[in-house]
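Structure first, then comments.
The values are calculated or read from the model by the stated rules, or taken from the named source; none is laboratory data. Since the model is a prediction, treat every value here as computed from it, not as a measurement. Neighbour counts run over all protein chains shown; Cβ positions are idealised from the backbone, glycine included.
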């Protein structure tokens, strides 16, 4: 302890003399971390939260700053602009709000849908089920286009339902994290434009944004909602939503009152407009440190062409899936074509269970996730491959994960 | 740059060899911060966010961890337990949810109040106005006990309204951050028990919890809602709510459906119970890093007797107010008795405005806040004195703030 006391005093002394307290604090902290470090960091290879870049983590510990300070306002404003870039939209309105990705459903259900209106949910798993529940809470009449586990509804099925009545909105879970199934947002959007052009196109991009291509303007999407902790590479705690001009128009012209307070765009829209024009404004205190971290991550993400980023996710996904397939394991998605590029959902081989495999892999300092879809939760596991683990292959995250999986299965007596 | 490249490579090399990458990362980061540091940190002396302890900031940059990992689950569970300690409750149910303090209003309005039920709002400023708006969104019939700006409704006024009809709940903004007025929660709670014992007692403790005494069990409170960024000393992004057994009972027995999805206790209650019993569970991804930070801060807070903490806030507040009074300035609260202990709201002296004073004080590296109450926003400023700025006087935050204020006023030509 006396060494630490010395360092602590040294820190204080230095602070008074040279004002470089941040530096010494950090070094001091590092030494303290060393003194308490007992286990190495386990790589977080679940389908969100993903591994975070060091610069993003540094931004998370930005010393306190007022939400209306001249230093924070441009960070918030620029983050809004960078989101436009990420989602290929010129006039879409980004929202950055304190909350989990789930809050985005409430925003859609309470701002865009009026009680009694019809909504079509394209459902490929747990998150489709939940979006359905959320819409019902706010009074929507919900029809579902549902497929068997591991499959997705065909365009024909969706088309048939779409023309059966007037739908205010269609919601599409781009990648359902519970099954790893990806749907073709572009094709569904085209179908909607053709069969039911007034229907708002809502995309749940929680497990896709930043890993899969999403072009808001070109595809004519009305809402893309997502969260910070997956391919955007920021710790959990941000609900991120992009709304098209059309969606904002629909919200503005709704006849019945908005059915939420915290999720109401009537509160958030003026805030986003203010910060983007580099002015402070107040509705509820924004999560300052998380927004500093988002800003850092979005700058890293947009510093290389997004097409390269999506391609990297595709290639890595194929490599992971090829290797797992070669081990003789089966995936939840029925074909490679409908499997997401940011995660892989895999059935346990016969005789091996969650309680066997997950701790074994964790023993190799890799965290992977169990199942989530209620009907088959105990039968499969999930691996995330998004963000820096994909775009910075020199970190070796993917290789270590696959190796650990292979060794763990072997240790459990699995043979192909 | 070559020095940094050297250090960077050194870091990588060390990582491979000894696995102490965290340490070197932090030192490397410190050196990098030094290289980019242009302006010193401005002390954040607004009434939230407050200055954060170094250990809390370190927790904010905890490397990625799964929300259901064996390392995170006990951190979440213990944080729930520590909140009970902070609020002096044995059986109250804490909720820790991703969101701002505002979300707590939605929780109250959508879980406890059924459409058409009467609620009495004790209103002492902007936050009373907003809680009123929130309750109306969810269908409550709201009556207000409102006072002039800087004052609070008398117990007699509240009693008269309370007996006029059957109120499902009474909401009390403990400290309204817009006016710095504190109300006597204990006395109002006693009054309610006497005049209308079935009425749920809801306390908005956003600007009081951790700075002012709040005894949930002894005072018979049903809900205390707060946020992370004020006297709890954690960056913004956590909505924290304590609900009494009675409140949970009322929620469970409600007849109409819960009117929110994201704020619904039907989703959050099982999560809190699971984590407290050291099991992972999923509704929406919790803000892992913020909860690590909350855990760190709650441990620091509860490591000294809470009575000492409240006394420190009272003494510091008096010192700040005495000094400002001695400068010849006037406060928004009409008397010291109804002024909060975690903040001070002060009228500008004649001839001096926000655009004069705030940048001047910021020039001395101190951030203070402008006005918030709509009717007088341009006429006053606010200083926060909560958390480590109060409990660790050796940091000199309070002295620096008062000094800078005094010098700035002098520079602007102000004479008592």
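Condition (residue is assigned to a loop (DSSP other than H, G, I, E, B), surrounded by 23 or more Cβ atoms within 10 Å (Cβ to Cβ) and either more than 14 Å from every other protein chain (Cβ to nearest Cβ) or modelled with pLDDT of 95 or more (or both)) applied to the range B:187-199: is it met by at least one residue? Scanning the range B:187-199 turns up no residue that is assigned to a loop (DSSP other than H, G, I, E, B), surrounded by 23 or more Cβ atoms within 10 Å (Cβ to Cβ) and either more than 14 Å from every other protein chain (Cβ to nearest Cβ) or modelled with pLDDT of 95 or more (or both).
Checked against the criterion of being surrounded by fewer than 20 Cβ atoms within 10 Å (Cβ to Cβ), more than 9 Å from chain B (Cβ to nearest Cβ) and under 21 Å from the mean Cα position of the chain (by Cα), the candidates A:133, A:78 yield just one match: A:78.
Answer yes or no as to whether residue B:116 is outside any strand (DSSP E or B) and under 22 Å from residue B:331 (Cα atoms). Spelling it out, it is not the case that residue B:116 is outside any strand (DSSP E or B) and under 22 Å from residue B:331 (Cα atoms).
Check A:184, A:151 and return the single one that is surrounded by fewer than 17 Cβ atoms within 10 Å (Cβ to Cβ) and in contact (Cβ under 8 Å) with a residue 60 or more places away in the chain. Outline the logic, then answer.
Numbers: A:184 fails: in contact (Cβ under 8 Å) with a residue 60 or more places away in the chain.
None of the other options fit; the residue is A:151.
Restricting the search to the range A:259-292, which residues are facing chain B (nearest Cβ under 9 Å) and part of a helix (DSSP H, G or I)? Listed by number, the residues that qualify are A:267, A:288, A:289, A:290.
Is it the case that the range B:43-58 has a residue that's facing chain A (nearest Cβ under 7 Å), free of Cβ contacts under 8 Å to residues at least 40 places away in the same chain and under 30 Å from residue B:381 (Cα atoms)? Within the range B:43-58, one or more residues are facing chain A (nearest Cβ under 7 Å), free of Cβ contacts under 8 Å to residues at least 40 places away in the same chain and under 30 Å from residue B:381 (Cα atoms). I'd like to check something: does the range B:392-403 contain any residue that is closer than 24 Å to residue A:68 by Cα and over 24 Å from the mean Cα position of the chain (by Cα)? Checked the range B:392-403: at least one residue is closer than 24 Å to residue A:68 by Cα and over 24 Å from the mean Cα position of the chain (by Cα). Return the residues of the range B:332-365 that are surrounded by fewer than 17 Cβ atoms within 10 Å (Cβ to Cβ) and within 13 Å of residue B:320 (Cβ to Cβ); say none if nothing qualifies. Scanning the range B:332-365 gives a single hit, B:336.
Would you pick out the residues in the range A:226-258 that are away from every other protein chain (no Cβ under 14 Å) and free of Cβ contacts under 8 Å to residues at least 40 places away in the same chain? Listed by number, the residues that qualify are A:249, A:252, A:253.
Taken together, the residues in the range B:345-359 that are at the interface with another protein chain (Cβ under 10 Å from one of its Cβ atoms) and touching a helix residue (DSSP H, G or I) at 6+ places or on another chain (Cβ under 8 Å) amount to 0. Looking at the range B:208-219, can you tell me whether even one residue there is within 14 Å of chain A (Cβ to nearest Cβ), crowded, with 24+ Cβ neighbours inside 10 Å, touching a strand residue (DSSP E or B) at 6+ places or on another chain (Cβ under 9 Å) and at pLDDT 95 or above? No: the range B:208-219 contains no residue that is within 14 Å of chain A (Cβ to nearest Cβ), crowded, with 24+ Cβ neighbours inside 10 Å, touching a strand residue (DSSP E or B) at 6+ places or on another chain (Cβ under 9 Å) and at pLDDT 95 or above.
Scanning the range A:287-312 for residues that are in contact with a strand residue (DSSP E or B) (Cβ under 7 Å, 6 or more places away or on another chain) and buried (at least 24 other Cβ atoms within 10 Å of the Cβ) returns A:287, A:290, A:291, A:294.
From the list B:50, B:68, B:56, the one residue that fits, being in contact with a strand residue (DSSP E or B) (Cβ under 7 Å, 6 or more places away or on another chain), at negative phi, modelled with pLDDT of 95 or more and surrounded by 19 or more Cβ atoms within 10 Å (Cβ to Cβ), is B:50. Residue count for the range A:124-182 satisfying the condition of being assigned to a loop (DSSP other than H, G, I, E, B) and within 18 Å of residue A:382 (Cα to Cα): 10.
Tell me, please, whether a residue that is over 18 Å from the mean Cα position of the chain (by Cα), modelled with pLDDT of 95 or more and not in a loop (DSSP other than H, G, I, E, B) can be found in the range B:222-239. No, the range B:222-239 has no match at all.
Does residue A:104 qualify as being within 19 Å of the chain's Cα centre (by Cα) and assigned to a helix (DSSP H, G or I)? Yes; evaluated as a whole, the condition is true for this residue. Scanning the range A:366-387 for residues that are within 10 Å of chain B (Cβ to nearest Cβ) and either under 16 Å from residue A:41 (Cβ atoms) or crowded, with 23+ Cβ neighbours inside 10 Å (or both) gives A:367, A:368, A:369, A:384, A:387.
Checked against (1) farther than 25 Å from residue B:270 by Cα; (2) away from chain A (no Cβ under 14 Å); (3) under 19 Å from the mean Cα position of the chain (by Cα), residue B:171 passes all but a single condition, namely (2).
Across the range B:105-119, the number of residues qualifying as surrounded by 24 or more Cβ atoms within 10 Å (Cβ to Cβ) and farther than 25 Å from residue B:377 by Cα comes to 9.
Does residue B:128 qualify as being away from every other protein chain (no Cβ under 14 Å), crowded, with 19+ Cβ neighbours inside 10 Å and out of contact with any helix residue (DSSP H, G or I) (no Cβ under 9 Å at 6 or more places or on another chain)? Judged against the criteria, residue B:128 is a match.
Results for (1) touching a helix residue (DSSP H, G or I) at 6+ places or on another chain (Cβ under 8 Å); (2) part of a helix (DSSP H, G or I); (3) at pLDDT 95 or above, shown as yes or no for each residue.
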| site | (1), (2), (3) |
| --- | --- |
| B:308 | no, yes, yes |
| B:315 | no, yes, yes |
| B:322 | no, yes, yes |
| B:334 | no, no, yes |
| B:337 | no, yes, yes |
| B:361 | yes, yes, yes |
| B:410 | no, yes, yes |
